[in-house]
Amino acid sequence: MQELPPAHTPRGHGARLRAPARRSAQLGASARHLRARNLSLVLQICLSGQGLVSRADIASRTHMTRATASRLVDELLDSGILTELAPHEGGTRGRPATPVAARPGGVVAIGMQVNISYIAARVIDLSGAVLGELSREGDFRGSDWRAVTGELAELALAARDAFVTRRAHYLGAALGLPGLVSPAGLALAPNLGWRELGSEELCEVFADVGPITLANEADLAAYAVAHPVPGVPQGPESFIYVSSEVGIGAGIVLNHQLLTGVHGWSGEIGHVCVDPKGPPCTCGANGCLETLIGQRALAAGAQLDPDAQPSDVAAAARAGSRPAAQIIRAAGVALGSVIGAVINTVDIPEVIIGDKLAQLGEGFLDQVRAEMMRRVLQARSEPPRVGVLTGNQRLTLTGGAHLVLQRLVDDPITWSSRA
């Protein structure tokens, strides 16, 4: 808010003192901040309640008066952010409680992704419901960025037209890219062959889609794990999420917040060196982790077709293939070594491995755990924990939409005022 100059107090006979305008502006700003904070708190409680939270529940949990809680809920209802559900018996005497929840399709955002093997756009509302998704598979290595992003923009617009109603508050979209991404743009996406793309030229392609947030694909996936419902940090509190598609990346979450670094480039574990004399990597260096456990590297090590999936490598190992078994063991040791170094650096001992690498099976995970136990300094007092996420969830799309929706949760007063 722009600060107002102090009021001029006239001198001489009959002059009356007035409170400075700056003081009034500060009081107004404080009142707005308090109201915004209370609206945000009420909205978070409603989102976390899964349709079971009433005005009385909100008053009890926030220690507000029932009148204050009801007034804030009414404001969110009037703006179209919340809706009332059918009353239910709360187990106490009196009138049945009327729960409030996010209005289905009322506030929406789009998560977009450019992957090596597909592009996609997913529409999600404030309740976390996926309203629809459009995607196209392909091989986007060494692709023309304008052609690919242009096609993705068309997909996003088609998804918005198909799944977003005219009564909805559409907040914008987030774009997940596999590389070094910051608010300034994309510095490098080695597997795509894209480099030095400014945010202005990227956002220009998506001008018709609306406000665009740029982010790393692994960071957005990690955000989805930490925030399985928009605005509600109900996932693990602090963890390292290993993204495993064609390339390898990581999203680091500390206290439900992304730990992205100064530029937003943290988590590039796929380009940590595991063998200085190893094969060349798409980033220009040699012996990166990705050259050993990336999808194509696993297929080559198992002597399978270049397009073979990690699940195919695991199947070959179970069928008795020695090369497949060897590459799985080597991959587990390499990933355990790199993650062990990350844990020693950031002191976050929980690791979640994405679907693709998890397909390599329990033997692979055992190798990862064993190497981490050998590498992590505090392993004896607090052994690192390793979990997996199964199923092709395309978490980057979900995390992107949730990140955009978080803006409304943080400052619903702006959107209720617009409505």
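In summary, Glu133 fulfils each of the numbered conditions (1) open to solvent by less than 60 Å² (accessible area, probe 1.4 Å); (2) under 26 Å from Ser48 (Cα atoms); (3) touching a residue at least 60 places away in the same chain (Cβ under 8 Å); (4) in a strand (DSSP E or B) with the single exception of condition (1).
Let's see how each residue does on (1) in a strand (DSSP E or B); (2) closer than 22 Å to Met112 by Cα; (3) of a type in the set (A, V, I, L, M):
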{"site": "Val351", "(1), (2), (3)": "yes, no, yes"}
{"site": "Leu357", "(1), (2), (3)": "no, no, yes"}
{"site": "Arg369", "(1), (2), (3)": "no, no, no"}
{"site": "Met373", "(1), (2), (3)": "no, no, yes"}
{"site": "Arg380", "(1), (2), (3)": "no, no, no"}
{"site": "His402", "(1), (2), (3)": "no, yes, no"}
{"site": "Leu405", "(1), (2), (3)": "no, yes, yes"}
{"site": "Ile413", "(1), (2), (3)": "no, no, yes"}
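Filtered by the rule that a residue be more than 21 Å from Asp219 (Cα to Cα) and among the small types (Gly, Ala, Ser), the stretch 268-309 gives Gly278, Gly284, Ala285, Gly287, Ala297, Ala299, Ala300, Gly301, Ala302, Ala308.
Scanning the stretch 293-312 for residues that are part of a helix (DSSP H, G or I), open to solvent by less than 50 Å² (accessible area, probe 1.4 Å) and closer than 21 Å to Ala250 by Cβ returns Ile293, Gln295, Ala297, Leu298, Pro310. For the residues Arg375, Arg380, the requirement of being surrounded by fewer than 20 Cβ atoms within 10 Å (Cβ to Cβ), at pLDDT below 95 and farther than 30 Å from Glu133 by Cβ singles out Arg380. Can you find a residue that is on the phi > 0 side of the Ramachandran plot, part of a strand (DSSP E or B) and touching a helix residue (DSSP H, G or I) at 6+ places or on another chain (Cβ under 8 Å) anywhere in the stretch 156-179? Yes, the stretch 156-179 contains at least one residue that is on the phi > 0 side of the Ramachandran plot, part of a strand (DSSP E or B) and touching a helix residue (DSSP H, G or I) at 6+ places or on another chain (Cβ under 8 Å). Which of the residues belonging to the stretch 118-130 are open to solvent by 20 Å² or more (accessible area, probe 1.4 Å), outside any loop (DSSP other than H, G, I, E, B) and of a type in the set (A, V, I, L, M)? Matches in the stretch 118-130: Val130 only.
If you filter the stretch 171-190 down to residues that are more than 18 Å from the chain's Cα centre (by Cα) and either open to solvent by 40 Å² or more (accessible area, probe 1.4 Å) or among the small types (Gly, Ala, Ser) (or both), you find that the one that is nearest to Gly80 (Cα to Cα) is Ala184.
The values are calculated or read from the model by the stated rules, or taken from the named source; none is laboratory data. In this text, all values refer to a predicted model and were calculated from it rather than measured experimentally. Virtual Cβ from ideal backbone geometry, glycine too; neighbours counted across all protein chains shown. Only protein heavy atoms, including side chains, enter the accessible area calculation; ligands, DNA and RNA are left aside. Shrake-Rupley method; radii C 1.70, N 1.55, O 1.52, S 1.80 Å.
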